[in-house]
């Protein structure tokens with residue numbers, strides 16, 4: 001009794017000769033030598049105990065046995081292709097897209113990403129820094145690190161990180177020249193820097209307008225980092241996030257945090273992305289470590 005196939009790649013060679021009509025043409029398609037193709041066909045015929053091709057000067061002509069084997073050989077070919085495709089999928093770098101404001105991608109946060117990458121080299125990250133919220137449900141990103149005062153879409157997966165607090169800050173240089181207000185009622189004679197950008201909630205700017213005349217706001221920025229730099233330079237006072245302000249030397253809080261400006265700091269995950277194993281693993285690793293940075 002014959003052993004059948006000793007080398008599964010002989011199926012590929014058999015199909016190439018069937019399709020091309022000669023071992024020479026098949027060798028070009030397979031990128032191997034013609035003698036090797038001819039020898040492998042002979043070996044396959046010997047193993048099967050069948051004559052698969054009649055040979056003459058015009059090429060290789062399939063026998064009835066060869067034609068009977070083609071459907072099964074093609075099924076094996078399709079299965080091999082599917083296997084290769086699945087292996088490529090499993091070994092490919094899978095990317096998680098994360099959006100947040102620039103400051104959330106701090107050195108301490110990036111160290112958490114690096115720690116995850118050490119044990120998951122097959123998972124990559126695409127960072128999408130933007131103060132304008134991206135639509136996770138629409139697939140614009142997989143994960144968002146977001147400060148929000150608005151109700152969260154109940155379809156999103158949500159992890160609480162912290163409560164962000166805000167208060168009024170001024171620089172050392174501003175304080176030396178003008179002093180600093182110690183309560184809201186003392187603000188009226190001072191100059192202010194504000195932040196306002198289309199698509200971003202204007203809560204900080206609106207709070208200023210409730211407490212000082214509009215002409216006391218001497219400059220408005222659409223970039224939060226530039227606004228904070230202007231406060232640090234002494235141009236005026238500005239409402240800043242306590243955590244972010246703590247990383248900027250030379251600026252001082254004027255008074256205690258303003259409770260009405262408190263905002264939730266959340267990690268939001270697209271439900272579609274959360275079905276992916278790599279996203280779920282990353283969230284489990286990242287969320288508690290990231291939250292610890294804000295305790």
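Derivation of every value follows stated rules applied to the coordinates shown; laboratory data play no part. Note that the coordinates shown come from a computational prediction; the quantities given were computed from them, not determined experimentally. Cβ placement follows ideal geometry from the backbone for every residue including glycine, while neighbour counts extend to all protein chains displayed.
Observations on the structure shown:
- Read-out Rg and Dmax of the Cα atoms in Å, derived from the coordinates shown; its label in [x] 19.1, 58; [y] 24.3, 96; [z] 33.5, 104: [z]
- Rounded, prolate or oblate (a/c below 1.5 giving rounded, otherwise prolate when a/b exceeds b/c) for the range 9-91 by Cα gyration tensor: prolate
- Cα-based helix-to-principal-axis angle, 277-292 vs the chain, degrees rounded to 10: 20
- Axis angle, to the nearest 10 degrees, between helix 224-233 and the longest C-alpha principal axis of the chain: 40 degrees.
- Prolate/oblate/rounded call for the range 166-261, Cα gyration tensor, a/c under 1.5 rounded: rounded
- Gained length - residue 68 relative to residue 43, 0.36 nm times residue gap less alpha-carbon distance: 7.1 nm
- Over the chain, relative contact order from alpha-carbon pairs under 8 Å, at least 6 apart, %: 20
- When the square roots of the Cα gyration tensor eigenvalues are ordered a ≥ b ≥ c, the ratio a/c for the range 116-188 is 1.5 or more and a/b exceeds b/c, which makes its shape prolate.
- Acute angle (nearest 10 degrees) that the helix 9-20 long axis makes with the longest principal axis of the chain, alpha-carbon atoms: 70
- Paramagnetic label zone (point 7 Å from Cα along Cα-to-C-beta, residue 82; backbone N under 19 Å) in the range 6-32: 8-9, 11-12
- Fewest-first ranking of 162, 33, using other Cβ atoms within 10 Å as the exposure measure: 33, 162
- Here the residues 84, 158, ranked from fewest to most Cβ neighbours within 10 Å of their Cβ, fall in the order 84, 158.
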